[in-house]
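**Student:** Take this structure, written in structure tokens, and hold onto it; I'll ask about it next.
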Amino acid sequence: MSALARGVLVAVIQVGLIGAVGAKLLYDRATLPRAWVETAGVDPDLPIRGRYVALNLLFPAAPESASVRGGDEVVAGRIEVRNGQPVAVLSGAAEVLARGGVMYFRERSTAGAVRWMLVEPVAFFLPEHAPDPTRNVRPGDLWLEASFPARSAPRPIRLESRRN
């Protein structure tokens, strides 16, 4: 096999891999539940961070999670979309581990009510010359549309400002 043929074979394999990942993400976006979730921006302290913003996602607790109180402690749970609204289903770690899709939340007070914030921020990538949408924005003003896989972190789709 000549060098040109090997180069073309590697290029075809790479295009196939990228196409497979792209097709999976498009399929997930079409089939997974989607909803808008309240965010609070985070400015990660990284010298080289690229063109993205880190967003903390804030969820109301599901009714069956009302007895869980976190304070400063981290609580295990999962995210479910119910009636088009994402909620944090908080429970004991053993129950959550049995179902899979463990995520960790911390209690956070907002102007409206107590919300549960994902401990791990979600990255939202920005176009090259777009301004940072998290500057001078209060929690509750910036919302993220995301798809919610059953066993992994939410996947951001788009941002919207809802300033009162």
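No value in this document is a laboratory result; all are computed from the given coordinates. Predicted model, so just to flag it, every value in this text is computed and none were measured. As a convention, Cβ positions derive from the backbone with ideal geometry for all residues, glycine included, and neighbour counts pool all protein chains shown.
**Student:** Within the set of other residues whose C-beta is less than 9 Å from the C-beta of Arg106, count the net charge using Lys and Arg as +1 and Asp and Glu as -1.
**Tutor:** On the way: positive: Arg108; negative: Asp72, Glu73, Glu107.
Once all neighbours under 9 Å are counted, the net charge is -2.
**Student:** Same structure again: Could you list Leu58, Leu17 in order of exposure, starting from the residue whose Cβ has the fewest other Cβ atoms within 10 Å? Don't jump to the answer; show the numbers that get you there.
**Tutor:** Numbers: Leu58 24, Leu17 10.
The fewest-first ordering by Cβ neighbours comes to Leu17, Leu58.
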